[in-house]
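J.: Once you've had a glance at the structure underneath, I'll fire off some questions.
The values are calculated or read from the model by the stated rules, or taken from the named source; none is laboratory data. All figures in this text were calculated on a predicted structure; none of them were measured in a lab. Neighbour counts run over all protein chains shown; Cβ positions are idealised from the backbone, glycine included. These accessible areas exclude ligands, DNA and RNA; they are computed on the full protein's heavy atoms, side chains included. Shrake-Rupley method; radii C 1.70, N 1.55, O 1.52, S 1.80 Å.
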Amino acid sequence: MNFSSKHSSNTRWNQRGRIYFILFQWPQRIHFYIIFLSLFITCCISYRQPYGLLFSLKHVNFQMSSTEFVRDQLINEHKQQQKLAVEWMDKFITDPSKYPHLMSNLTHQIYFYDYIHPTTSSAYSLLNKRKQISMNTTNHIVISILYGKQDTDHREGKFYIGQILYHLLKYSHPRFLITLCENNNTNEQISDGIKLIRQIFPVFIVNSISTSSTTINTYEREKQAHLQCILANFQSFPNLNHLLLLQDDAEPIHKDFSYQLIKLIDDRIQQQWPLNNHHRQQPAFIKIYHPRWLISYLYPSVYLITQLIATSLLFTFIGYSFYKLFIEEKNDMKHYPTRISFNNSIFLPEIINRTLIYFIAYFLLILILLILIDHSNLSWTWRSFHPSFYAIYPAPSCCLPGVLYFRQTYTQVTDYLNQVQCHSKYAIDTAFDDLPRRTNLRTYLVEPNLVHHIGLYSRLRRTYINPYLLD
């Protein structure tokens with residue numbers, strides 16, 4: 001009896017010693033070091049890197065006391081940038097001869113007017129109509145900015161449209177024609193900044209609805225302004241193929257925005273949806289912006305999960321191949337069976353391929369690391385190198401700061417908008433989510449973003465938003 005108990009005790013100690021030897025000899029111990037260091041370093045990066053998983057959990061999903069400090073910093077930055085924009089526009093009006101690349105030799109006004117064909121419509125009107133020669137557009141791209149008159153004082157840091165126009169004109173391209181759509185939904189007094197841009201750019205007055213009307217809600221007026229701005233631009237530029245409609249707080253991210261947009265249209269969109277191909281209809285629109293904190297593994301989609309798994313497999317293969325070639329000694333590369341038992345019960349297969357175990361372990365590790373870093377910090381980094389790397393996939397729900405429309409399908413889009421009624425629980429972006437289900441059109445999103453959201457002040461809510469939501 002004593003002999004059997006002593007024998008069983010020795011057997012258990014031998015099993016534990018064997019497991020300890022297998023798990024913690026040097027070739028195995030290095031894997032634990034790699035896993036621990038990788039997780040520690042990645043957690044630190046995720047906590048400090050904007051839009052990392054831990055960063056978003058701290059700053060985006062929860063309001064922190066530091067938001068007020070960050071908000072004040074951003075307001076001061078906006079004030080400085082908007083002051084520069086107002087000074088530049090004032091100089092342009094005072095002495096336009098210093099900007100010959102923007103002036104028309106025929107009409108002596110900004111050359112955008114040269115391509116406008118006068119139209120009569122009850123939905124919109126052209127403000128300050130000037131001398132026009134009505135040249136035809138060829139391969140031009142119209143960039144139209146929809147803005148509201150209220151809360152636009154640059155001294156308060158709310159003249160966001162000034163920042164956008166300053167950027168677009170500073171890095172202007174001959175193919176770009178810039179127009180404005182003024183949402184005439186208020187009788188408030190306009191700011192000095194709005195008076196300046198009215199003197200420079202073609203301005204379509206849209207949504208001229210009496211504020212005394214109680215039958216039209218704010219969300220329906222927003223939809224009407226969007227719809228009428230699309231109509232105003234496509235009808236005023238008869239040969240126009242592409243219209244980029246921006247909100248007044250959507251600023252181009254890079255100074256080479258013109259190159260990015262032109263390459264996207266010429267090399268990607270027109271190749272995928274040719275203008276003269278009637279067998280393949282162009283989409284309803286393509287978004288060039290989506291909030292980064294929504295393109296996150298906190299809000300998973302089929303596209304994100306598929307890319308996560310594919311990227312993890314690729315990095316696992318590359319990393320493990322590197323390890324086998326340069327780190328692990330040849331003598332330790334042999335595959336031998338490992339038997340692990342507990343209380344005489346085999347809980348793993350009797351024959352285990354060590355390579356497969358390591359591959360699965362590293363695949364799961366890289367999966368966790370990618371989730372911590374988050375999608376946009378990794379994918380957008382290499383996709384930003386060149387427009388040929390941009391991803392175009394079905395548009396997720398939410399947000400319309402930057403949308404590219406097409407001549408072939410814009411009438412179907414406007415007809416659809418005329419059929420829907422917007423309200424507080426069904427805004428225009430929600431209505432656009434239903435568009436693919438109600439029509440035969442498709443909607444897409446370009447990744448990475450070409451514009452970013454700079455609107456710290458929400459005119460709809462009349463309050464400042466969380467500054468960490470700006471991207």
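J.: Pull up all non-local amide H partners of residue 391: gap of 5 or more, or a different chain, and H-to-H distance under 5 Å with H placed in the peptide plane.
T.: 447
J.: With +1 on the Cβ of every Lys and Arg and -1 on the Cβ of every Asp and Glu, and nothing else charged, how large is the dipole of region 382-471 about its Cα centre, in debye rounded to the nearest 20? Present the calculation step by step, with values, prior to reporting the outcome.
T.: Numbers: 9 positive and 6 negative charges, 35 e Å.
Around 160 debye, computed over region 382-471.
J.: Figure the gain on full extension for residue 98 and residue 129 (residue separation times 0.36 nm, minus the Cα-Cα span) and round it to one decimal in nm. Show your work: numbers first, answer last.
T.: Numbers: separation 31, 0.36 × 31 = 11.16 nm, distance 2.34 nm.
Fully extending the segment from residue 98 to residue 129 adds 8.8 nm.
J.: Given H placed on each backbone N at 1.01 Å, which residues far from residue 145 in sequence or on other chains put an amide H within less than 5 Å of it?
T.: Counting only residues 5 or more places away or on other chains, the set is 179, 180, 181, 246.
J.: Just list whichever of 83/287; 91/195; 91/149 have alpha carbons separated by over 20 Å in the model shown. Working shown, then result.
T.: Numbers: 83/287 30 Å; 91/195 14 Å; 91/149 22 Å.
Check vs 20 Å cut-off fails for 83/287; 91/149.
J.: Just tell me which aspartates and glutamates come within less than 17 Å, Cα to Cα, of residue 98; anything on the same chain fewer than 8 places away is out.
T.: The reachable aspartates and glutamates, counting only those whose Cα sits under 17 Å from residue 98, are 87, 90.
J.: If each residue of separation counts as 0.36 nm, what is the full-extension length gain between residue 276 and residue 420 once their alpha-carbon separation is subtracted?
T.: Details: separation 144, 0.36 × 144 = 51.84 nm, distance 3.02 nm.
Taking residue 276 through residue 420 to full extension adds about 48.8 nm, to one decimal.
J.: Separate question: Could you tell me the calculated FRET efficiency between residue 398 and residue 108, based on Cβ-Cβ distance and R0 = 41 angstrom, to the nearest 0.05?
T.: Numbers: r = 44 Å, r/R0 = 1.06.
Plugging the Cβ-Cβ distance into 1/(1 + (r/R0)^6) gives 0.40.
J.: Here is a follow-up. Using 0.36 nm per residue of separation minus the Cα-Cα distance, give me the extension gain between residue 192 and residue 460 in nm, one decimal. Please list the in-between numbers first.
T.: Numbers: separation 268, 0.36 × 268 = 96.48 nm, distance 2.14 nm.
Stretched out fully, the residue 192 to residue 460 stretch lengthens by 94.3 nm.
J.: How would 86, 451 rank on accessible area, largest to smallest, probe 1.4 Å?
T.: Values: 86 25, 451 0 Å².
Sorted descending by solvent-accessible area, the residues read 86, 451.
J.: Which value, in Å² and to the nearest 10, is the accessible area of residue 321 when all protein chains are kept and the probe is 1.4 Å?
T.: Its heavy atoms expose roughly 40 Å² to the probe.
J.: Go through 259, 289 and list them by solvent-accessible area, largest first, probe radius 1.4 Å. Don't jump to the answer; show the numbers that get you there.
T.: Values: 259 100, 289 5 Å².
My answer, sorted largest first, is 259, 289.
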